[in-house]
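The structure appears below as structure tokens.
Readers should treat all values here as calculations from the given coordinates under stated rules, not as data from a laboratory. It should be emphasised that the depicted structure is a prediction, and the values quoted were computed from it without experimental measurement. In this analysis, Cβ positions are derived from the backbone assuming ideal geometry, glycine residues included, and neighbour counts consider all displayed protein chains.
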Amino acid sequence: MSDRLLISTRKGLFTVMRNGGHWDISGVDFLGDNVTLTLTDSRDGKSYAALDHGHFGVKLHRSTANGWEEIASPAYPPKPEGYEEKDMWGREVNWSTNKIWALAAGGPDEPGTIWCGTLPGGLFRSNDHGQSWEMMRTLWDHPLRKKWAGGGADLPGIHSICVAPRNAKQVSIAVSTGGIWHTADGGKSWTQRGEGMRAEYMPPEQAHEPNAQDVHCLAQCRTAPERMWVQHHNGIFVSSDEGKTFTEIKDVQPSVFGFPVAVHPKEPDTAWFVPEIKDEKRIPREGKLAVTRTRDGGKSFEVLSKGLPQTHAYDVVYRHALALDEQGDRLAIGSTTGGLWVSEDQGDSWACVTHTLPPIYAVRFA
Amino acid sequence: MAKVIFTPNVQRHVGCPAAEAAGATVREVLEKVFADNPQARGYVLDDQAALRRHMTIFVDGQMIRDRTRLADRVKDSSTIHVFQALSGG
């Protein structure tokens, strides 16, 4: 059981600890700064925090015995002279890290390996705990990468990185907007996956184009890695072949729209979502914050709301703001309106830790 | 040598004391300053070595025009202010 949470917010990184059966804020780092994401590497206990200073750019920090130290941020290679690449508005794409949107530890046989996904679409790997970063040119230079488009942000970005639990050379990533990509050789080559997903926002003849899919979040089951779950812009999809093909799960109440998904580490048919009214409103239905859970691979869903606000709640839970601990029992969600809730019974009931934090971008057990 | 003064707001992230360096352009002067303070470079310049979007530079009170190449001319007596732009929140 994990007794510690790291909460990334618009105005700092908050540490929340379980103490005597209660969860309380025990500390804050980077107060006033925009913390977008953390990773705590279970292999060595090191934590990484991504900051976006706005004026001064994106920075990465790593925990030390006494606090934090700034380490290298992933940096894009020099853009070739005369090379033109335009975004969907015809503006030149700046090859520069705009946001760190995914952090994932490598395999148990790769100490120090960290993966990092960014906007505008670069994937990076460090083999030295973040001291230096190498861009995956094999993916960046792929001709289909240039067709990636902005989703929630103006620029495309890699937000999900799933390192296969039994073979760390197999890595799947998800892009908003650019579907799912997979390498079986540690990044030497990449192939598109995600057949079967459907994009309502595309012309009908392109609705099943894998590269056009706006995956909001991709999750892989730790003990059954062939099982993947996707929360997509217009639906929920499940795969039984490690993302090669997906089946759409329809008619989920209260909504199939949302951002995050988490899958139980030992029960591949058990997954959690946070539904919102689709797409143009993005608020909980009827002002009632809820989490949905399936235990049967998507055949049925329970709406879990005990302990969550059920009147005038307009909390949105972003894709990194639903956390599941390593045992699969404890969950936490953080919202755009600064609410934080923890469940110790797989979502059956929730306890509010606080509702006065700054906007929450990411929640992670640490 | 030109004098370079950094916004006080960057100082809590990375120390950027006022510095002096020779050079005919903003680029030449700043690269010399950053050679002695490499961590500061990424706070001012992006991955392509252009001025970050929400930063601004004044040479003797005039905002520079070339934010990509930083080719604006600098005199030996110039003062270069590296500031935050008001854009960017």
* Structure fact -> Summed over the other residues with a beta carbon less than 11 angstrom from that of B:A71, with K and R at +1 and D and E at -1, the charge totals +2
* To do: Please state the charge dipole magnitude for region B:35-89, taken about the Cα centre, from unit charges on C-beta atoms (+1 on K and R, -1 on D and E), reported in debye and rounded to the nearest 20.
  => 160
* region A:254-299: GluC sites (Glu not before Pro) in DSSP coil with no more than 12 other Cβ atoms inside 10 Å -> A:E280
* **Proxy reagent accessibility, fewest Cβ within 10 Å first, across A:F301, A:F237** => A:F301, A:F237
* Structure fact -> For B:M63 and A:D44, extending 7 Å from Cα along the Cα-Cβ vector and measuring point to point gives, in nm, a value of 4.4
* Rounded to the nearest 5, what % of the DSSP beta bridges within chain B are antiparallel ones? -> 75
* Roughly what would the spin-label model give for A:M1 and A:D241, points 7 Å off Cα along C-beta, in nm? -> 4.1
* To do: Could you pull out every one of the aspartates and glutamates with an alpha carbon less than 20 Å from that of A:K188, ignoring same-chain neighbours closer than 8 positions?
  => A:D109, A:E110, A:D128, A:E134, A:D141, A:E242
* Structure fact -> Along the dipole axis of the protein assembly as shown (charges at Cβ: +1 for Lys and Arg, -1 for Asp and Glu; origin at the Cα centre), the most positive-end residue among A:S349, A:Y76, A:N127 is A:Y76
* Which order do A:D87, A:D279 fall in if you start with the one that has the fewest other Cβ atoms within 10 Å? -> A:D279, A:D87
* **Charge-dipole axis of region A:1-158 as Lys and Arg at +1 and Asp and Glu at -1 on Cβ define it, positive-most pick from A:L5, A:G107, A:S42** => A:L5
* **Where labels lie 7 Å past Cα in the beta-carbon direction, separation of B:A71 and A:K79 in nm** => 1.6
* Which whole-Hz couplings ³J(HN,Hα) result when phi for each residue of region B:26-41 is put into the Karplus expression 6.51 cos²θ - 1.76 cosθ + 1.60, θ = phi - 60°, listed in order with x for Gly and Pro? -> 4, 4, 4, 5, 5, 4, 5, 5, 6, 4, 8, 9, x, 5, 5, 4
* **Dipole magnitude of the protein assembly as shown, debye to nearest 20 (Cβ charges: Lys/Arg +1, Asp/Glu -1, about Cα centre)** => 480
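Are any of the pairs A:K86/A:K281; A:K59/A:K299; A:K146/A:K278; A:K46/A:K147 more than 32 Å apart by Cα-Cα distance, and if so, which?
A:K59/A:K299; A:K46/A:K147
Under the Kirkwood approximation applied to all pairs of distinct alpha-carbon atoms, what is the hydrodynamic radius of chain A in Å?
After inverting the pairwise mean of 1/r, the radius is 20.4 Å.
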* To do: Net charge near A:H159: determine it from the other residues with C-beta under 10 Å of the C-beta of A:H159, scoring Lys and Arg +1 and Asp and Glu -1.
  => +2
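Counting only other residues whose beta carbon sits under 12 Å from that of B:K3, what net charge do I get with K and R as +1, D and E as -1?
Numbers: positive: B:K75; negative: B:E20, B:D60, B:D76.
Computed value for this residue: -2.
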* Structure fact -> Along the dipole axis of region A:216-366 (charges at Cβ: +1 for Lys and Arg, -1 for Asp and Glu; origin at the Cα centre), the most positive-end residue among A:Q327, A:H216, A:T337 is A:T337
* Work out the FRET efficiency for A:E286 and A:T223 from their Cβ-Cβ distance, taking R0 = 35 Å, and round it to the nearest 0.05. => 0.45
* To do: Rank A:A323, A:A168, A:A50 by mean-square fluctuation in a GNM of chain A with C-alpha springs under 10 angstrom and give only the top-ranked residue.
  => A:A168
